[in-house]
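A.B. asks: Just passing along the structure, written as structure tokens.
The values are calculated or read from the model by the stated rules, or taken from the named source; none is laboratory data. Computed from a predicted structure; not experimentally measured. Neighbour counts run over all protein chains shown; Cβ positions are idealised from the backbone, glycine included. With ligands, DNA and RNA removed, areas are computed over all heavy atoms of the protein, side chains included. Shrake-Rupley method; radii C 1.70, N 1.55, O 1.52, S 1.80 Å.
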Amino acid sequence: QVQLVESGGGLVQPGGSLRLSCAASESFFSINRMGWYRQAPGKQRELVATLTGGGSANYADSVKGRFTISRDTAKNTVYLQMNSLKPEDTAVYYCNYYARRRAGGGSYDYWGQGTQVTVSS
């Protein structure tokens with residue numbers, strides 16, 4: 001079973017930065033899409049940013065210009081650089097891979113366990 005291990009969350013003051021990482025426990029045969037989602041207390045999980053296997057990035061309007069998604073293929077890792085953080089960015093952040101583990105197999109969603117990001121003074 002593939003595991004996605006997230007790290008980098010924590011407490012930061014408004015205006016600060018954090019970098020989240022999500023490392024997959026094994027390589028995939030192909031990756032359709034990687035992404036970051038977040039869920040604040042009492043709210044539904046929402047998309048933050050996605051990155052296709054071809055390298056096209058997409059961002060929620062609320063984070064455009066502040067967050068950057070990137071990947072390191074050799075390390076099976078996806079990152080989320082978060083700058084100019086705001087209190088409303090406070091949430092549990094989840095990474096997601098939509099990928100195929102082996103040739104001839106289907107593509108499935110894989111999720112990390114979540115990492116807490118708290119933006120507060």
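A.B. asks: Can you name the residue in the stretch 61-94 that is polar (S, T, N, Q) and over 25 Å from SER121 (Cα atoms) and is also farthest from the chain's Cα centre (by Cα) among such residues?
C.D. replies: Of everything passing the filter in the stretch 61-94, THR73 is farthest from the chain's Cα centre (by Cα).
A.B. asks: Within the stretch 24-36, can one find any residue that is touching a residue at least 24 places away in the same chain (Cβ under 8 Å), among the small types (Gly, Ala, Ser) and closer than 15 Å to THR118 by Cα?
C.D. replies: No, every residue in the stretch 24-36 fails to be touching a residue at least 24 places away in the same chain (Cβ under 8 Å), among the small types (Gly, Ala, Ser) and closer than 15 Å to THR118 by Cα.
A.B. asks: All but one of (1) under 19 Å from GLY8 (Cβ atoms); (2) over 9 Å from the mean Cα position of the chain (by Cα) hold for ARG38, so report the exception by its number.
C.D. replies: Every condition holds for ARG38 apart from (2).
A.B. asks: Within the stretch 105-121, how many residues are out of contact with any Pro (no Cβ under 9 Å at 6 or more places or on another chain) and open to solvent by less than 40 Å² (accessible area, probe 1.4 Å)?
C.D. replies: Selection size over the stretch 105-121: 8.
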